[in-house]
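A.B. asks: Structure provided below as structure tokens; questions to follow.
Just so you know, all these numbers are worked out from the coordinates, no wet-lab data involved. Treat the numbers as computed from the prediction; the structure is a model and nothing was measured. Neighbour counts run over all protein chains shown; Cβ positions are idealised from the backbone, glycine included.
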Amino acid sequence: MMKTEHVIHFCDARKMKGVYDGSVDLVVTSPPYPMIEMWDNIFSRIDPPIGIALKKNKGAQAFELMHKLLDRVWKELGRVVRTGGFACINIGDAVRKIGDDFCLYPNHSRIMSAMRENGFMSLPAIIWRKQTNAPNKFMGSGMLPAGAYVTLEHEYVLIFRKGGKREFMTPSKRAERQASAFFWEERNQWFSDVWFDLKGARQALLDKDMRKRSGAYPFELAYRLINMYSVKGDCVLDPFAGTGTTMLAAMVSARNSVSCEIGPEFAKIIDSRVPGVMELADTCICERIKRHRDFIAERVAAKKPIKYVNGPHGFPVVTRQEVNLSINPVRRVEKIDKNRYAVEYGVVEKSEADAAPPVPHSDDKASKKGGLAKKGAAIPGSQLTLFGA
Ligand SMILES: C[S@@+](CC[C@H](N)C(=O)[O-])C[C@H]1O[C@@H](n2cnc3c(N)ncnc32)[C@H](O)[C@@H]1O
């Protein structure tokens, strides 16, 4: 039976003693944002000269000191991430008036430089577009030229790789990679360089107020990145865990995780989210499968080819690379120690998938690959239905 482990260290991520050299396959994180006011206190507490610089209206100096602090975490990533591993960093730039000067503090470019200095190479980044309809969003001199500022309505997900491409050398490693595949249509959406509002039922484990106060990102953001840049059984690190969103996404995606968080007050919040993981996983898988089902139905209606059938689940897929894709439902979540959890996963039994009637297929010749796609494949022991109902 597949099992994963998840541990949280309540420590300063500038020294992640509990995380071994080269033990991390993927980092998914969001640091406190330099020069965004909600993070001033935490930066100043860790490094008091930051508070002094802010009080003296020395914006550029405060910005640099905040980044010097984060630089030490990026250096730690250079140590703990293995060659071929990825790091995805969600960050927004800041606009702020300090004294008489209003300016942009370009956090994303400062972090890109720092990561490169620590052995990572930059890959194309994602712009996460977070449109706001607030009437006061425009800053500056209204309709009069030369004195207004463009509204910041996006953040970044910076993507880095340590060294060259990851190799999958053994048959079992290649099999794990294939089982971790995503759908063709997900590839088309996820690997686009602009992501629009990431909403979804999966915010449910955190109320809106707590999300705002903690700077938590949406579950969907972490879930996508984990599925894009790691395989099942990998280790995902979040050095700035906050409410533990990355850990939850790792649990749902059948990856191990390790997290660091400086604020001990987050222990309770993270612990309170864990019992909801089974339901979260069910919702997440259901939504994913429903989207795939709708996509296939549209493709069939448009008489576009669907050449393959997925083995584990029995539904039609577009490419050969999706044939072994398998999504594991969460069966059990257990607290095994203080700040440490274990998760067990099930598999979809083919016999149950086979029991269901076939869906129409747009390419009969191709359906020979694995038989016709089946409707109504259920995940045993779960409320889920994988393809149609
Ligand atoms: C933007 S929040 C992360 C939110 C998280 N992604 C979530 O979904 O809840 C940044 C977090 O980093 C923590 N933090 C700040 N400095 C830290 C440090 N030096 N080491 C570890 N954690 C730190 C803060 O307490 C805060 O919870």
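A.B. asks: With bins 20 Å wide starting at 0, give me the P(r) of the chain over every alpha carbon pair, in whole percents.
C.D. replies: With 20 Å bins starting at 0, P(r) equals 26, 53, 19, 2.
A.B. asks: Let me ask another. Given R₀ = 22 Å, FRET efficiency for K97-A134 by Cβ-Cβ distance, to 0.05? Intermediate values should be presented prior to the final figure.
C.D. replies: Values: r = 18 Å, r/R0 = 0.81.
Once rounded, the FRET efficiency stands at 0.80.
A.B. asks: Just to be sure I understand: of the beta bridges DSSP finds with both ends in the chain, what percent are antiparallel, rounded to 5? Could you put the intermediate results ahead of the total?
C.D. replies: Details: 36 of 53 bridges.
Restricted to the chain, the bridges split so that about 70 percent are antiparallel.
A.B. asks: Under a point spin-label approximation (7 Å from Cα along Cα-to-Cβ), what is the R187-E117 distance to one decimal in nm?
C.D. replies: 3.8 nm
A.B. asks: Next up: Fully extended, how many nm does the chain gain between E298 and I52 (0.36 nm per residue separation, minus their Cα-Cα distance)? Mind dumping the intermediate values first?
C.D. replies: Numbers: separation 246, 0.36 × 246 = 88.56 nm, distance 5.95 nm.
82.6 nm is the gain from fully extending E298 to I52.
A.B. asks: Which residue fluctuates the most in the chain, going by a Gaussian network model with Cα springs under 10 Å, if the choices are A297, A146, A267?
C.D. replies: Greatest mean-square fluctuation among the candidates belongs to A146.
A.B. asks: Counting helices only, and only those DSSP H runs with n ≥ 4, report the 222 nm mean residue ellipticity of the chain as the sum of -39,500 (n - 2.57) divided by its residues, in deg cm²/dmol to the nearest 500. All intermediate terms of the calculation are to be shown ahead of the outcome.
C.D. replies: Numbers: 12 runs with 128 residues, N = 389.
The helix-only estimate for the chain comes to -10000 deg cm²/dmol at 222 nm.
A.B. asks: Connecting C-alpha atoms closer than 10 Å in a GNM of the chain, tell me which of L65, L225, L237 has the biggest fluctuation.
C.D. replies: For the chain, modelled as a Gaussian network with Cα springs under 10 Å, the answer is L65.
A.B. asks: Taking 7 Å along the Cα-to-C-beta vector as the label spot, tell me the T170-R211 distance in nanometres, rounded to one decimal.
C.D. replies: Using points 7 Å along Cα→Cβ, the separation is 4.1 nm.
A.B. asks: For the chain, build the charge dipole from Cβ charges (+1 Lys, Arg; -1 Asp, Glu) around the Cα centre, then report which of M143, M16, S172 sits farthest towards its positive end.
C.D. replies: It is S172.
A.B. asks: Between beta-carbons, use under 10 Å as the cut-off and find the net charge around S180, counting Lys and Arg +1, Asp and Glu -1. Please report the intermediate quantities before stating the final value.
C.D. replies: Numbers: positive: R177, K232, R255; negative: E176, D234.
Around S180, the surrounding residues sum to +1.
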